[in-house]
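Quick notes on the structure that follows.
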Amino acid sequence: MKLKGKVAVVTGGSRDIGKAISVKLAKEGAKIVVNYFSSETGAHKTVEEIKSLGGEAIAVKADVSNQEDVENLKTKAVEAFGNKIDILVNNAGGLFERRTLQEFDASFYNLVMDVNFKSVVFTMQAFESIMSNGASIVNISSQAARDGGGGGSALYASSKGAVSTFTKAMAKELGPKGIRVNALCPGMIATKFHDDFTKDQVRINVANATPLRREGSAKEVADLVAYLASDEASFLTGNNVDINGGLAFS
Ligand code: NAP
């Protein structure tokens, strides 16, 4: 149990990659604040699963692109588990729709940038004052940040590019305060994200072009998050770690 005694906040922690992260961190001994936005049932199921494993968790609704909601998430986390957070996983994100340049408007721009990037900035800002010495922040960026993403995902890819760059800047700023900041750049991971937005044939083509010849799983991402969150990764900060089956190297 490499996270015993630690408290973790996982944004978008109710399903898919976020759920796998919540459950994995709990299995490693952390108490979990499972944030959700629309998936209330999924959040409560995640909490029940963690409790059935002997862990502790609460579910908190918050739109992480909204600063008031983020403050409320912090308040609820402190009420449940005290004034010290050891792990913050900024997982919430979304593509929303595939659109080309001429199809963008200001509201779509704001939606994509706010959910993927503003959320990371202001969640880190809100939680910084209660992050413990030795704390770890893990931001879920994307392979799209490296390569511009698939068709119609330019704004999503750019928002993730911002997450990756912000991660490096914050590693420098928060390192002297004893807080590590890393990001993951997952390739194609089998979740609702691609069920919703990627054609089956494209998924098959990407898997065939991947040296490991398959999509990744949410569990594989969660295992890497648990490592980066743990003291085993105590000299790692400012990294954007690729997890893509060898599809691309940086
Ligand atoms: P997903 O199945 O689409 O899940 C998205 C998650 O984000 C859900 O838990 C959702 O919560 C949450 N979320 C969305 N908007 C939110 C908001 N305003 N406030 C709070 N939570 C919000 O995606 P996934 O595949 O699990 O992806 C998780 C993360 O990995 C995302 O950041 C995604 O960009 C990134 N990623 C995924 C892949 C992939 O291949 N799947 C690859 C690279 C990066 P609710 O359901 O409660 O609304």
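Derivation of every value follows stated rules applied to the coordinates shown; laboratory data play no part. Not measured: the values here are computed from a predicted model. We place every Cβ from the backbone using ideal geometry, glycine too, and count neighbours over all the protein chains shown.
So which residues in the range 45-73 are touching a residue at least 24 places away in the same chain (Cβ under 8 Å) and touching a strand residue (DSSP E or B) at 6+ places or on another chain (Cβ under 8 Å)?
Matches in the range 45-73: 46, 50, 55, 56, 57, 58, 59, 60, 61, 62, 64, 73.
Answer yes or no: is there a residue in the range 109-123 that is more than 16 Å from the ligand (Cβ to nearest atom), assigned to a helix (DSSP H, G or I), surrounded by fewer than 17 Cβ atoms within 10 Å (Cβ to Cβ) and not aromatic (Phe, Trp, Tyr).
No: the range 109-123 contains no residue that is more than 16 Å from the ligand (Cβ to nearest atom), assigned to a helix (DSSP H, G or I), surrounded by fewer than 17 Cβ atoms within 10 Å (Cβ to Cβ) and not aromatic (Phe, Trp, Tyr).
Quick check: is even one residue across the range 109-123 in contact with a helix residue (DSSP H, G or I) (Cβ under 9 Å, 6 or more places away or on another chain) and more than 19 Å from residue 62 (Cα to Cα)?
Scanning the range 109-123, I find at least one residue that is in contact with a helix residue (DSSP H, G or I) (Cβ under 9 Å, 6 or more places away or on another chain) and more than 19 Å from residue 62 (Cα to Cα), so the answer is yes.
Kindly provide the set of residues from the range 140-149 that are outside any helix (DSSP H, G or I) and among the hydrophobic types (A, V, I, L, M, F, W, C), ordered by number.
Selection gives 140 alone.
Within the range 169-202, take every residue that is farther than 23 Å from residue 247 by Cα and out of contact with any strand residue (DSSP E or B) (no Cβ under 7 Å at 6 or more places or on another chain) and give me the one that is surrounded by the fewest Cβ atoms within 10 Å (Cβ to Cβ).
The qualifying residue surrounded by the fewest Cβ atoms within 10 Å (Cβ to Cβ) is 176.
Would you tally the residues in the range 158-168 being over 13 Å from the mean Cα position of the chain (by Cα) and either surrounded by fewer than 23 Cβ atoms within 10 Å (Cβ to Cβ) or more than 26 Å from residue 14 (Cα to Cα) (or both)?
6
Is it true that residue 205 is polar (S, T, N, Q) and either more than 14 Å from the chain's Cα centre (by Cα) or under 16 Å from residue 247 (Cβ atoms) (or both)?
Considered against the rule, which asks whether it is polar (S, T, N, Q) and either more than 14 Å from the chain's Cα centre (by Cα) or under 16 Å from residue 247 (Cβ atoms) (or both), residue 205 comes out as yes.
Does the range 150-169 contain any residue that is within 9 Å of the ligand (Cβ to nearest atom), part of a loop (DSSP other than H, G, I, E, B) and among the hydrophobic types (A, V, I, L, M, F, W, C)?
no
Inspect all residues belonging to the range 215-224 and state whether any of them is part of a helix (DSSP H, G or I) and among the acidic types (Asp, Glu).
Yes, the conditions are met somewhere in the range 215-224.
Is it the case that residue 212 is in a loop (DSSP other than H, G, I, E, B) and in contact with a strand residue (DSSP E or B) (Cβ under 7 Å, 6 or more places away or on another chain)?
no
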